[in-house]
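The values are calculated or read from the model by the stated rules, or taken from the named source; none is laboratory data. A quick note: this is a predicted structure, and the numbers were derived from the prediction, not measured. Every residue, glycine among them, receives a Cβ derived from its backbone with ideal geometry; neighbour counts consider all protein chains shown.
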Amino acid sequence: MMFRIGDELYHVAHGILMAKQDRRIDTSHTDVLPTSEWKRTFRRRLIGWYRRHAREMPWRETRDPYRVWVSEIMLQQTQVATVVPYFERFIAAFPDIPALAAAREDEVLRLWEGLGYYRRARQMHKAAGVMVEKHDGRFPRDANSAGQLPGVGRYTLGAILSIAFDARQPILEANTVRLLSRLLAFDGDPTRADAQRLLWAMAEALLPRREAGRFNQALMELGSQICLPRGPRCEDCPAMTLCPTRAAGRQEEIPRTKKKPPPEEVREAAVVVRRRGKVLLLRRDNAGRWAGLWDFPRFELSSQRADAVQRELVEKVRQMTGFSVQPEAKLTTIKHSVTRFRITLECHEARYLRQDVEPQNRPEMRWLLPEELEAFPLSVSGRKLGCLLVEGIGSGAPVSGSAKRSSAKT
DNA sequence: AAGGCGGGGGT
DNA sequence: ACCCCAGCCTT
């Protein structure tokens, strides 16, 4: 079904829009992709636009597969502006795959501190080991091998192989889901399996024969700079006249998004336990948030009144460590959000009670000097949060990374 | 198929 | 205050 919009040709995809409204079409069928003429026009305009508007990024200065890989892992669910400084530090510390493989896990996590999704760092470290063991210390060109590396899913595989090796591999991620949904006027739920099949098929159908990497990056750039979630800048879009969603004025409806439930309110306490000038850290459980990373003793708070909070604090620290503390001051309160939770974190100071007795040093327990804590503060929501990440499980190595307590006076 | 995993940018 | 972000993995 050809379509005419203004003076431009158009394409079958618009048929989806009309038919979907009639509820006659099963969008799992992917026989509704653009014509060759549409695709040629789109590619030409997209690349032309990209030549003029591609942003500079450190990982775009090269096609070194290692750097492309590092950038793609860091960019998972993380915006470009956030990644840039982390990428620079990471590459400086680990300039190539063997260097990364030779590092300790806690050193890798240190450089990830504050970036989130810490599993990515562990998976990268592990993958570097695999590449040294099985792939001659290089990122494998072979899709089957690359796809088996931990942390490399379908998107990341396509991105790395297309960008670094000029392989004709499609990608699909947040920006291009939005862009392609609009180019297809697809108004179903894009997270559904049939929709994903359609969108991947579209991503593949659009690929040029050569320079798929540049094309894929252009798609993402257009999605992130022009085809915005709300208020897309259609007037500046090289595909404006190719876009049925724009033609129908439905940019705010497509793609459909799910409303998220409001975050749950949680109250937590963190305790800065001091003993002989040192501060206590505990390694967190291997499951859940900040799995296996180091933190101040922290727990969910059920009490309201200050005196009850102090009793709860003493009891909780005893549970977690086996020894007693004397609460001394409330340092500060910090609010921050973590996915579905809105956390109000009270930071308290307490003193180890039995100065004359050595607390048994369990592997999940560390005493750090203040300067070690000051070294690398973890910033959350622009504030110094008293928590600390880092160090592998049972490695016995000294804690190399840290955070600091809030510096509030009271 | 759904849920967990983090933190911050942009409006 | 809210939405969203160069996804992956487990259940």
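Summary of values
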item: Meets criteria (outside any helix (DSSP H, G or I), crowded, with 16+ Cβ neighbours inside 10 Å and modelled with pLDDT under 95) for A:Leu33; result: yes
item: Residue check, A:Glu264 touching a residue at least 40 places away in the same chain (Cβ under 8 Å) and either away from DNA strand C (no atom under 16 Å from the Cβ) or closer than 30 Å to A:Thr176 by Cα (or both); result: no
item: Residues of segment A:241-252 that turn out to be in contact (Cβ under 8 Å) with a residue 40 or more places away in the chain and either small (Gly, Ala, Ser) or closer than 30 Å to A:Phe165 by Cβ (or both), as a count; result: 3
item: Options A:Arg89, A:Arg104; residue that is touching a helix residue (DSSP H, G or I) at 6+ places or on another chain (Cβ under 8 Å) and of a type in the set (D, E, K, R); result: A:Arg89
item: Selection within segment A:49-69 - assigned to a helix (DSSP H, G or I) and closer than 21 Å to A:Pro95 by Cα; result: A:Pro58, A:Trp59, A:Arg60, A:Pro65, A:Tyr66, A:Arg67, A:Val68, A:Trp69
item: Subset of segment A:238-261 that is buried (at least 17 other Cβ atoms within 10 Å of the Cβ) and out of contact with any helix residue (DSSP H, G or I) (no Cβ under 7 Å at 6 or more places or on another chain) - its residue that is nearest to A:Leu313 (Cα to Cα); result: A:Ala247
item: Residues of segment A:307-360 that turn out to be closer than 17 Å to A:Val272 by Cα and charged (D, E, K, R), as a count; result: 11
item: Members of segment A:262-317 that are surrounded by fewer than 19 Cβ atoms within 10 Å (Cβ to Cβ), in a strand (DSSP E or B) and in contact with an Asp or Glu (Cβ under 6 Å, 6 or more places away or on another chain); result: A:Glu268, A:Glu300
item: Residue match in segment A:89-100 (condition: among the basic types (Lys, Arg) and touching a residue at least 12 places away in the same chain (Cβ under 8 Å)); result: yes
item: Close pairs from segment A:214-240: first of a type in the set (Val, Ile, Thr), partner surrounded by fewer than 18 Cβ atoms within 10 Å (Cβ to Cβ), Cβ under 7 Å, at least 6 apart; result: A:Ile226/A:Arg233; A:Ile226/A:Asp236
item: Test: residue in segment A:234-241 that is assigned to a helix (DSSP H, G or I), away from DNA strand B (no atom under 16 Å from the Cβ) and more than 24 Å from A:Ile73 (Cα to Cα); result: yes
item: Looking only at segment A:324-343, and only at residues there that are surrounded by 17 or more Cβ atoms within 10 Å (Cβ to Cβ) and more than 16 Å from DNA strand C (Cβ to nearest atom), the one that is nearest to A:Met365 (Cα to Cα); result: A:Val325
item: Unique match (being out of contact with any strand residue (DSSP E or B) (no Cβ under 9 Å at 6 or more places or on another chain) and either within 30 Å of A:Glu133 (Cβ to Cβ) or among the aromatic types (Phe, Trp, Tyr) (or both)) among A:Gly249, A:Gly158; result: A:Gly158
item: Elements of type helices (runs of 4 or more DSSP H) contained in segment A:70-127, each with 3 or more residues being away from DNA strand B (no atom under 15 Å from the Cβ); result: A:80-93, A:97-102
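Here's the yes/no breakdown for (1) at pLDDT 95 or above; (2) crowded, with 22+ Cβ neighbours inside 10 Å; (3) in contact with an Asp or Glu (Cβ under 7 Å, 6 or more places away or on another chain); (4) assigned by TED's automatic domain parsing to the domain that holds A:Glu173:
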{"position": "A:Tyr66", "(1), (2), (3), (4)": "yes, yes, yes, yes"}
{"position": "A:Gln77", "(1), (2), (3), (4)": "yes, no, no, yes"}
{"position": "A:Thr82", "(1), (2), (3), (4)": "no, no, no, yes"}
{"position": "A:Ile91", "(1), (2), (3), (4)": "yes, no, no, yes"}
{"position": "A:Phe94", "(1), (2), (3), (4)": "yes, yes, no, yes"}
{"position": "A:Ile97", "(1), (2), (3), (4)": "yes, yes, no, yes"}
{"position": "A:Val108", "(1), (2), (3), (4)": "no, yes, no, yes"}
{"position": "A:Gly116", "(1), (2), (3), (4)": "no, no, no, yes"}
{"position": "A:Arg120", "(1), (2), (3), (4)": "yes, no, no, yes"}
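Yes/no per residue for (1) of a type in the set (Ser, Thr, Tyr); (2) within 16 Å of DNA strand B (Cβ to nearest atom); (3) at pLDDT 95 or above; (4) surrounded by 19 or more Cβ atoms within 10 Å (Cβ to Cβ):
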site: A:Asp187; (1), (2), (3), (4): no, no, no, yes
site: A:Pro190; (1), (2), (3), (4): no, yes, yes, yes
site: A:Ala195; (1), (2), (3), (4): no, yes, yes, yes
site: A:Glu204; (1), (2), (3), (4): no, no, yes, no
site: A:Leu207; (1), (2), (3), (4): no, no, yes, yes
site: A:Ala212; (1), (2), (3), (4): no, no, yes, yes
site: A:Asn216; (1), (2), (3), (4): no, no, yes, yes
site: A:Leu219; (1), (2), (3), (4): no, no, yes, yes
site: A:Gly223; (1), (2), (3), (4): no, yes, yes, yes
